[in-house]
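For reference, the structure discussed in these notes is given below.
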Amino acid sequence: MAPITFQYDKQKTIQALRYHFITRKEIKVMMILVNVFAIFSAALFFFKKISPVAFLLSSFLWVMMMLLFWFLLPRIVYKKSPSFKQAFKLSFTEVALTLETGTASRNFNWKEFSSWIESPHFIHLYFTSKSFFLIPKDELAEETDSLRRLCKEKIAPKTL
């Protein structure tokens, strides 16, 4: 396959980071617990078992958590990571994926990736649960199916 050159689109990358955070098990559990807590406090407020201040506090906690995971955290990660502002050249074969920047080149054997997921605009290749590489599907065009097939054959899917 011919090498693909790409740079990250800020809005699509932030959306991919949201997807990454929301799929993490500990964040899912925390969101479920905060939602249950908010519903429980709403019910207690409705039945006049707690004061309006307690209900407002639980609602504030819910709103802050949503703001943190949906807006702040992805933007902070995007801003701190210089790799999202670089240009890349990517090629892949049955054996490895090759990634090049203006100053360096690295081959990644498919066995180096622990899992993968697909979001609307990216294929996320995970080294660990916190370390991953995003491949924009827009730039892959007709090669998207080839990469998807290789991921299915060579890498275990990430459990959501």
Original post:
Across the stretch 82-99, which residue is modelled with the lowest pLDDT among those that are out of contact with any Ser or Thr (no Cβ under 8 Å at 6 or more places or on another chain) and either basic (K, R) or surrounded by 15 or more Cβ atoms within 10 Å (Cβ to Cβ) (or both)?
Top reply: K85
**OP:** Filter the stretch 35-66 down to the residues that are part of a helix (DSSP H, G or I) and farther than 28 Å from R18 by Cα, then identify the one that is modelled with the lowest pLDDT.
**Re:** A54
Original post:
So, in the stretch 18-32, of the ones that are among the basic types (K, R) and in a helix (DSSP H, G or I), which residue ends up surrounded by the fewest Cβ atoms within 10 Å (Cβ to Cβ)?
Top reply: K25
Subject >> Condition broken by Q15, with the remaining ones in (1) in a helix (DSSP H, G or I); (2) farther than 27 Å from I135 by Cβ; (3) in contact with a Ser or Thr (Cβ under 8 Å, 6 or more places away or on another chain) satisfied >> reply: (2)
**OP:** Could you please tell me which pairs satisfy a Cβ distance under 7 Å, a separation of 6+ or placement on different chains, a first residue in the stretch 7-20 that is not assigned by TED's automatic domain parsing to the domain that holds W116 and at pLDDT below 95, and a second residue that is part of a helix (DSSP H, G or I) and not polar (S, T, N, Q)?
**Re:** R18/W70; R18/P74
Original post:
Can you tell me how many residues in the stretch 1-12 are part of a helix (DSSP H, G or I) and in contact with a Phe, Trp or Tyr (Cβ under 8 Å, 6 or more places away or on another chain)?
Top reply: 2
Original post:
Does any residue of the stretch 34-56 turn out to be in contact with a helix residue (DSSP H, G or I) (Cβ under 9 Å, 6 or more places away or on another chain), surrounded by 14 or more Cβ atoms within 10 Å (Cβ to Cβ) and touching a residue at least 40 places away in the same chain (Cβ under 8 Å)?
Top reply: no
Original post:
Counting only residues that are touching a helix residue (DSSP H, G or I) at 6+ places or on another chain (Cβ under 8 Å) and farther than 30 Å from K85 by Cα, how many does the stretch 6-33 have?
Top reply: 2
Original post:
How do the pairs read when you match residues in the stretch 129-156 that are in contact (Cβ under 8 Å) with a residue 12 or more places away in the chain with residues anywhere that are assigned to a helix (DSSP H, G or I) and loosely packed, with under 14 Cβ neighbours inside 10 Å, using Cβ under 8 Å and keeping only pairs 6 or more apart or on different chains?
Top reply: K154/K111
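The values are calculated or read from the model by the stated rules, or taken from the named source; none is laboratory data. Since this is a predicted model, take the numbers as computed values, not measurements. Reconstructed Cβ throughout: ideal geometry from the backbone, glycine too, with neighbour counts over all protein chains shown.
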